[in-house]
Amino acid sequence: MSQNNAPANADKRYTVTRAELPLSCPTPEMALWNSHPRVYLPIEDATDGQCACPYCGAVFVLAD
């Protein structure tokens, strides 16, 4: 699959900042038409600053 045809949440690791909270997957920048239902992820409560999406497995890392 070429990069132009990849699903919006094809990357598996994303860095987010507190300014981007609340965190949802897919994020507002991702195309929703070819993705899973939006789910909010409680990354601010994670002890290691990471949270994984239960639908696609994308890992989000809190940078600050």
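What follows is calculated from the coordinates using simple rules that are stated; it is not laboratory data. Predicted, not measured: the structure shown is a model, and the values here were computed from it. With ideal geometry, Cβ positions are generated from the backbone for all residues, glycine too; neighbour counts draw on all protein chains shown.
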In nm, the gap between the two label points placed 7 Å beyond Cα toward Cβ at TYR55 and VAL39 is 0.9
Residue span ARG18 to ALA63: 0.36 nm per residue of separation minus Cα-Cα distance leaves a gain in nm of 15.4 nm
